Amino acid sequence: MVSFVKENFPFGFAKTEKAKATPRVRFEAISVGVALALREKPDLRRSSVDWLDSDEFKEYTTSDASNNEGKLKLRVEYVRDQLLKG
């Protein structure tokens, strides 16, 4: 999972190139979502990660995106689905 993120996400888990920190909700969404996508499709190749800048992803990973089970599942599955779609 870490290798996939390193190779396919322009700033890794970070939001920008110069980011000094990564919000926990962003990290968990990307890390678990990527792991789930790789579990379904081990030879996964990404075409684009433009969805990282989408309003939907931002909404799922903002600081007020609580850690209740429903929101956690939503953001993790969003990443998984975006990767499998590509």
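The values are calculated or read from the model by the stated rules, or taken from the named source; none is laboratory data. Since the structure is predicted, the reported quantities are computational estimates derived from the model, not experimental observations. Here the Cβ positions follow ideal geometry from the backbone for every residue, glycine too, while neighbour counts run over all protein chains shown. Accessible surface is based on the protein model in full, side chains and every heavy atom, while ligands, DNA and RNA are left aside. Shrake-Rupley method; radii C 1.70, N 1.55, O 1.52, S 1.80 Å.
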- [ ] Taking DSSP loops as anything outside H, G, I, E and B, show the longest stretch in the chain free of trypsin sites (Lys or Arg not before Pro) there with at most 13 other beta carbons within 10 Å.
- [x] 46-86
Open item on the list: With a 1.4 Å probe and all protein chains left in place, how much of the accessible area of the stretch 27-86 comes from carbon and sulfur atoms, in whole percent?
Closed with: 47 percent
Open item on the list: Can you match percent of Cα pairs over 19 Å apart to one of these, (1) 27; (2) 37; (3) 31, based on a calculation from the structure here?
Closed with: (3)
Task: Mean Cα-pair separation over length for the chain, i.e. relative contact order, pairs under 8 Å, 6 or more apart, % - done: 35 percent
TODO: Loop only per DSSP, at most 14 neighbouring Cβ atoms within 10 Å: give me the GluC sites (Glu not before Pro) in the stretch 8-86, ordered by residue number.
DONE: GLU17
